[in-house]
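Q: Right, I'll just put the structure down here and ask away after.
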Amino acid sequence: MPAKKSKKGPTKGSGGKGRRSLEAKKGTLPAEQRHWYDGKQRSKAIRRATAEGSGTQGRSSHTDTDRRRIDSDLLVGRNPVLEALRAGMPASRLFLSNSLDSDDRVNEAARLAGEQNVEVLEVTRAELDRRCESSGQPGAVHQGMVLRVRPYRYQLPEELLERSLGSDAPPLIVALDGVTDPHNLGAIARSAAAFNADGLLIPERRAAGVTATVWKTSAGTLARLPIAQATNLTRALETFKKAGLFVVGLDADGDALITDLDLAGGPLVVVVGSEGKGLSRLVRESCDVVASIPIGNAESLNASVAAGVSLYEVARLRAAQNS
């Protein structure tokens, strides 16, 4: 069967139509003379200044929610749930088993939930088991009581810096270089609040974040102690240094003793290293001073213990300087 011939004829030119359409037209305005140029340049300048201030050059812009990693969790068991509600831990729902034997803890938890506008739902034990399993806690002994924790909103490092500079006392910030144990994070938060630190600075990755375990270990101090997350801890420390804060790292091989720290009375960032490796190389190089804690026979101290001892010494030295 012969192939069909195309009905399309030869390609036609514009016949001068395109050229004629340009006649009597004005020349194209350069960009700087167009109505939108000034506004666009201002927007670029603002984005550039923000990026330079926060160390985010080359990254796309994000909303506040995107820039704050959030953690959500389930808290299980009568005592942990009651302690969390007593501490004012942000929560969204309290699940109670419909076959629950009521006692004083159950009654108080239900009352506190009502006062804090936490929704109370009665569900079956099987439903509680399913929720615990789906949250990564299979076989958890929930005792018929489960609390859903609200997502924690972290501050930006710049917000924490501004808050500390606005304080009447010299700024005091505790930075954690890769602390991964949530119990340590909670304990350090408790010590930081006890010794009037302005807040904690933690890395966004490869570090413990705020979970129900941290809330429980901190004994509710996170309700008043802010935590900021940094995408790059070293860069955040450099920003703090430019703002006038001194950075003191804690390490067993430090160049000075924390008990003799001359910088204690000034604006300060105390950096606690990770549980196993201590301070990372880049963070150590960012420190103005690396200080050690004088100890006896033990090789080293737990990260949270080291933070507590150091913050006590800073408070003691500040009090001595002001007396």
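Q: Let me know the Rg and Dmax you get for segment 254-323 when you use only its Cα atoms, in Å.
A: 12.3, 38
Q: Along Cα→Cβ, 7 Å out, is where each label goes; now give me the distance between the ones at Arg105 and Ala223 in nm to one decimal.
A: 1.9
Q: Between Arg235 and Asn297, how high is the FRET efficiency from 1/(1 + (r/R0)^6) when r is the Cβ-Cβ distance and R₀ = 41 Å? Nearest 0.05. Intermediate values should be presented prior to the final figure.
A: Working: r = 38 Å, r/R0 = 0.94.
Efficiency computed from Cβ-Cβ geometry: 0.60.
Q: Please tell me the relative contact order of segment 191-306 in percent, rounded to the nearest whole number, where contacts are Cα pairs under 8 Å and at least six residues apart.
A: Reported as a whole number, the value is 25 percent.
Q: I need the calculated FRET efficiency for the pair Ala194 and Leu165, taking r as the beta carbon distance and R₀ as 25 Å, to the nearest 0.05.
A: Details: r = 22 Å, r/R0 = 0.87.
The value I calculate is 0.70.
Q: Next question. Val118: net charge of surrounding residues, Cβ under 10 Å, Lys/Arg +1, Asp/Glu -1, itself excluded? Mind showing how you got there, number by number?
A: On the way: positive: Arg93, Arg148, Arg150; negative: Glu115, Glu119.
Surrounding charge for Val118 is +1.
Q: Largest first and in whole Å, what are the equivalent-ellipsoid semi-axes of segment 104-148 based on the Cα gyration tensor, each being the root of 5 times an eigenvalue?
A: Numbers: eigenvalues 89, 23, 16 Å².
Calculated on Cα positions only, the semi-axes equal 21, 11, 9 Å.
Q: Another question about this same structure. If you average the sequence gap of Cα pairs under 8 Å that are 6 or more apart and divide by the length of segment 94-227, what percent do you get for the contact order? Write out the running numbers ahead of the final one.
A: On the way: 166 pairs, mean separation 28.4, N = 134.
Relative CO of segment 94-227 lands at 21 percent.
Q: As an exercise, use a Förster radius of 22 Å and the Cβ-Cβ distance of Ala315 and Ala256 to find the FRET efficiency, rounded to the nearest 0.05.
A: Numbers: r = 18 Å, r/R0 = 0.80.
In this case the efficiency is close to 0.80.
Read the figures in this text as sums done on the coordinates, not as results from a lab. Here the structure is a predicted model, which means the values were calculated and not measured. With ideal geometry, Cβ positions are generated from the backbone for all residues, glycine too; neighbour counts draw on all protein chains shown.
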